[in-house]
Amino acid sequence: MSQHWQQEPQPYQPAPNPYLQAPAQPPAPPQMPPAAPPQGFGGFPQQQPYPGGGYAQQPYPGAPQQPRSGNAVGAFFLGLPISLVMSLVLSGALFAVYKSSPASATTFRVVYGLAALLIAAAVGAVVGRVGGRSGGAHAAAGFLTALGIFFGFTNYLFPVLYDLGDIYAVRDALEADAFFPAKAWAESFTVITTLAGAAAAWGMAYAVGNRRP
């Protein structure tokens, strides 16, 4: 006996219409890394403009700050009147020692040495403050201090001559030797003290100038 298989009819399924399908979603754009800051030549940060124009100086990392140089000329002309005034103070102090009773060579040398250090401190501090790190200003402090100490000694001789005689004694001394004050100064103690004061003024100006921002 044979069996007759009959295939059951399948329901009709229309073919998919590509035009009726929803369009596919476009792929998401790739994630980009954050933009790096603008770099200048050599990989250093680019200079940023100021609001009013121009560019700011952007030093590279770890770069030492450039020291500011002072005004050597201004330091000289500011230290000059201080040196002259201090020389008058030295002359008055030496004349006071001369008028003291009894006057001794030891007292004279002590006063002269202390006054030299005082001139060095005053001139060196002012010149160093104005001159800053300028080597010319430091040298000017030493020169002005030596000038003040020298004239402080030589100028004190004139009131001494006037006290010993009169104005004619001063005139006669200058007519006999116009350089007698410098020759009286040119002794070992006074010369060494003057040079030491100049060196102290240079050191003071150097220390004060290098501490200035």
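Rule-based calculations on the coordinates, nothing more; no lab input. Bear in mind that the values here come from a model prediction, so they are computed numbers and not experimental data. FYI the Cβ positions are ideal-geometry reconstructions off the backbone, even for glycines, and counts take in every protein chain you see.
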Placed amide H near Gly70: partners under 5 Å, 5+ positions off or other chain: Arg133, Ser134
Hey, rough spin-label estimate for Ala207 and Phe77, points 7 angstrom out along Cα→Cβ, what's it come to in nanometres? 3.0 nm
